[in-house]
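Reviewing the structure listed below.
The values are calculated or read from the model by the stated rules, or taken from the named source; none is laboratory data. Just so we're clear, the structure is a prediction, and the values are computed from it rather than from any experiment. Neighbour counts are summed over all protein chains in view; Cβ atoms, including those assigned to glycine, are modelled from backbone coordinates with ideal geometry. In case anyone asks, the SASA skips ligands and DNA or RNA and just uses the protein heavy atoms, side chains included. Shrake-Rupley method; radii C 1.70, N 1.55, O 1.52, S 1.80 Å.
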Amino acid sequence: MPLLIKGGRIITAHEDYYADVYCEDELITAIGPNLAVPEGTEVIDATGKYVFPGFIDPHVHIHLPFMGTFAKDTHSTASIAALHGGTTSYIEMVCPNRTEDTLEGYNLWKGMAEGNSACDYTFHMAVSKFDDTTAAQLREIVADGIASFKVFLAYKGFFGVEDDELFNTLTLAKELGVITTAHCENAELVAQLCDKLLSEGKTGPEWHEPSRPTAVEAEGTGHFASFLEMTGAAGYVVHLSCEAALKEAVDAKLRGVQLYVESVIPHFCFDHTFAERPNFEGAKWIMSPPLREKSNQKALWDGLRMGLIDTVATDHCPFDLEQKAMGREAFTLIPNGIPAIGDRVNMLYTYGVSRGDLSLNRFVESASTKAAEIFGLTQKGRIAVGADADLVVFDPDYRGVVTMDTHHVNNDYSGFEGFEQDGRPTEVTVRGQVAIRDGEFVGDTSRGKLIRRTPSY
Ligand code: URP
Ligand code: ZN
Ligand code: ZN
């Protein structure tokens with residue numbers, strides 16, 4: 001059925017104006033004032049509301065075997081939570097570990113998502129080892145429409161690559177025109193610091209941050225940038241958490257390295273004191289890189305406003321309290337990850353736009369458009385004739401508080417519980433079909449399609 005979104009204030013990465021948006025056959029087909037309403041058109045009244053392009057989360061974990069357990073979501077539960085929060089497309093990390101086959105991993109992840117997601121999706125392909133078979137397999141995966149790799153400089157021996165493997169991956173990425181995303185923490189330093197702290201009897205979640213301080217992340221970021229510089233490949237730092245690492249990234253950008261920076265909503269909203277809460281409650285906020293000293297949050301907000309940070313993602317990775325309790329005796333065994341897929345847009349709007357100094361355009365750019373541009377989602381992140389009709393009608397007057405009832409994630413806690421919220425998506429569409437109406441999910445968990453991408457670097 002055709003759809004008309006009427007009378008809203010349209011905000012894109014670069015524009016701000018009032019118009020109607022008409023959608024037919026999955027696409028935006030007309031934009032303008034007082035568009036005619038053909039018979040049989042569904043009309044959404046957006047008077048007094050913003051109309052944003054569907055938001056894109058460029059870093060999520062849904063299927064993830066990790067630290068002796070599995071992240072809690074299915075593609076169905078994660079995509080429903082995403083849509084409640086205005087996210088209409090996500091990029092999931094395909095993460096086989098070093099003992100697993102790369103191509104088998106890709107096919108496993110792809111098969112799990114297929115027919116089970118209410119949002120559109122694509123993947124970053126993790127390269128956890130680089131042996132005699134890897135290059136041919138990666139060529140096959142890229143030919144299937146996956147135009148980005150992922151490397152972990154952390155998680156030694158599990159996902160983490162050695163320097164020769166990093167070099168080979170980036171050399172191949174350069175040849176194929178693929179961008180490589182990277183988790184930048186020096187694995188050896190983390191391993192040594194963890195051993196030292198545990199040997200001193202420092203076992204609680206509050207010791208997670210000291211086991212991987214900002215210098216460890218800054219070293220990892222600079223290390224990745226040097227390898228990009230030597231290979232000429234394009235790169236993207238994921239979940240950058242601190243000023244020291246941002247300086248390394250900006251230094252590299254200034255040297256002409258093609259490097260993009262992502263930070264994630266937990267690092268904007270939580271400081272290290274969350275992970276220090278007593279009686280093991282801090283485990284809820286254990287992720288890597290860890291939550292930092294508050295001054296780093298200011299650096300992230302400033303960096304985002306100035307465009308030094310390109311995108312805001314989630315690194316969504318839910319583990320429930322029983323799973324977190326696997327690390328009661330040693331913080332090194334607490335599964336790393338915080339759920340956030342449904343909260344990113346609302347928290348960024350509340351604390352960035354409504355209560356901060358982030359412009360509406362920068363908000364849209366960093367939470368949608370820039371990810372589409374960097375990762376080649378050419379039909380997404382825009383409100384333009386011919387683009388996919390992924391749209392968010394957003395009520396800026398809504399006031400609420402995040403609770404277990406509102407967060408929609410498949411988990412028994414939300415790290416954002418108790419956070420005040422200004423504004424919320426009321427209607428959300430996926431290629432012209434309404435998936436959220438008046439804040440409730442009315443979509444279809446098999447509608448999501450794999451977005452195939454073309455290498456462009
Ligand atoms: O703690 C985190 N970030 N968990 C997910 C895996 C990763 O490093 O992205
Ligand atoms: Zn990571
Ligand atoms: Zn991640």
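Take every pair of alpha-carbon atoms less than 8 Å apart whose residues are at least six positions apart; their mean separation over the length of the chain yields a relative contact order of 23 percent. Between their Cα atoms, which of K298/K370; K6/K298; K174/K284; K247/K370; K174/K247 are more than 27 Å away from each other? In this structure, K6/K298; K174/K284 lie more than 27 Å apart at Cα. Excluding ligands, DNA and RNA, the accessible surface per residue across the chain is 35 Å² with a 1.4 Å probe. Rg of the Cα atoms in the chain, relative to 2.2 N^0.38 Å, amounts to 0.93. In this simple spin-label model, placing a label point 7 Å from the Cα along the Cα-to-Cβ direction at both L108 and A30 gives a separation of 5.0 nm. Taking the Cα centre of the stretch 289-405 as origin and assigning +1 to Lys and Arg Cβ atoms and -1 to Asp and Glu Cβ atoms, the resulting dipole is close to 340 debye.
Against the chain, whose longest principal axis comes from its Cα atoms, helix 163-176 is set at around 30 degrees.
Entry note, the chain: the mean residue ellipticity at 222 nm calculated from DSSP H runs of n ≥ 4, each adding -39500 (n - 2.57), is -8500 deg cm²/dmol after division by the residues and rounding to the nearest 500. Were the residues from M1 through F70 laid out at 0.36 nm apart, the gain over their Cα-Cα distance would be 20.9 nm.
Cβ-Cβ distance of S446 and E420, R₀ of 30 Å, FRET efficiency by 1/(1 + (r/R0)^6): the value works out to about 0.30. Of all beta bridges that DSSP places with both ends in the chain, some 45 percent have antiparallel geometry. Annotation: amide H-H contacts under 5 Å for F149 (H modelled 1.01 Å from N, sequence separation of 5 or more, or interchain): M125, I179, T180, T181.
Between 0 and 90 degrees, the angle of helix 102-113 with respect to the longest Cα principal axis of the chain falls at about 40 degrees. Using the Karplus relation 6.51 cos²θ - 1.76 cosθ + 1.60 with θ = phi - 60°, the per-residue 3J(HN,Hα) values for the stretch 377-385 come to 8, 5, 8, 10, x, 9, 10, 7, 4 Hz, with x marking Gly and Pro. Rounded to the nearest whole Hz, the Karplus-based 3J(HN,Hα) values (6.51 cos²θ - 1.76 cosθ + 1.60, θ = phi - 60°) of the stretch 244-261 follow the sequence 4, 6, 4, 4, 4, 5, 5, 3, 5, 4, 5, 7, x, 5, 7, 9, 10, 10, with x at glycine and proline. What the phi angles of the stretch 295-311 give under the Karplus curve with 6.51, -1.76 and 1.60, with θ = phi - 60°, is a coupling list of 4, 5, 5, 4, 4, 5, 4, 5, x, 5, 4, 7, x, 6, 9, 8, 9 Hz, glycine and proline written as x. In this calculation the C-beta distance from R437 to R139 is compared with R0 = 45 Å, giving a FRET efficiency of 0.55. Under the simplified labelling scheme, the M326-S226 pair shows an inter-label distance of 3.4 nm, with each label point 7 Å from Cα along Cα→Cβ.
Within the accessible surface of the chain, defined with a 1.4 Å probe on protein heavy atoms only, the carbon and sulfur portion equals 50 percent. The amide H of F66, built 1.01 Å from its N in the peptide plane, has A71 as neighbours under 5 Å, considering only residues 5 or more places off or on other chains. Helix 214-231 versus the longest principal axis of the chain: what is the Cα-based angle in degrees, 0 to 90, to the nearest 10? So the inclination is approximately 80 degrees.
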